[in-house]
Each structure stands twice: as C-alpha cells, then as structure tokens.
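Notes to accompany the following structure.
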Amino acid sequence: MTRADIEGIAVTIEGSADLSPETATAVLGLIRPLVPLKDRWPADRMPVIQSSDEAIHLVDLALPDWSISLKGRTNDADGHWTCTLRRSDTLDDDFMIGIGRGPVLSHAILAAMVRVAALRSPATGAN
C-alpha cells in the first residue's frame, strides 16, 4: 500500500460520521503491525474501534509512551476534533507526528494513528 493509499484512508476516516466495515478493516490492517503480537486486536472487536475509549486504548498498545493531544470545539458542528500523536510533548523536532481531524473524536484519533502507521511502515519508505 502506498503512502497516497494510506492518506486516502485517513481522509475517508476524517470525513465520515460512521466507519464502514471495509474502512474499519483497512484501519486495523494498518495499525495491527504497530501493536505487539500479545496485544493484537481481535477481528471481533473491530466494531468497537469507533469508541473513543477503544481508540485511545489502541494508541496505548501501539504507541506506548507517546503523547496524545486532543482538542475540540463544542460550538462547531459535530465538535471538530483534532488529535496529535507525538513521541514527545517536550521536543519540537519529532520526525513522526500523526495528526487527525474529524467530527467524531474516535475518528480523529484513528486518522492520526493511520498517519503514524504510514510513517513507520517499511512499505511506504519510512521506519
């Protein structure tokens, strides 16, 4: 999968109120390599990744010790959430930063994770 394909998945997540089963499967396919084998997300838990708690739990498994920054506006339609994932919240020179936006908090988190997965994937040319 190319970086453009992965970015297309992130954009789809950001623009939807609900994840289709196909998009959820693609998201987990991208994130699964980041999660240690002992903590792999079972296929029967795919529907729950639309929960913010489950999305944050995935970040915890896939990116331990990373910083999660969540921002949103309640007066905008559907909240307009932004999630930023970084290795450190004290340094400005992180190479890998995942940023996701969306009307649903869990989607912003998942889009940010997909972008980190793209940066870490050997198939897209980055580690």
| request: Heads up, I need the accessible area for Trp81: 1.4 angstrom probe, whole protein in place, Å², nearest 10. | output: 80
| message | Starting from the 7 Å offset along Cα-to-Cβ, what nm value, one decimal, do you get for the label separation of Ile99 and Leu61? | response | 2.8
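The values are calculated or read from the model by the stated rules, or taken from the named source; none is laboratory data. Worth saying up front: this structure is predicted, and the values here are computed from it rather than measured. Note that each Cβ is placed from the backbone with ideal geometry, even for glycine, and that neighbours are counted across all protein chains shown. Heavy atoms of the whole protein, side chains included, go into the accessibility calculation; ligands, DNA and RNA do not. Shrake-Rupley method; radii C 1.70, N 1.55, O 1.52, S 1.80 Å.
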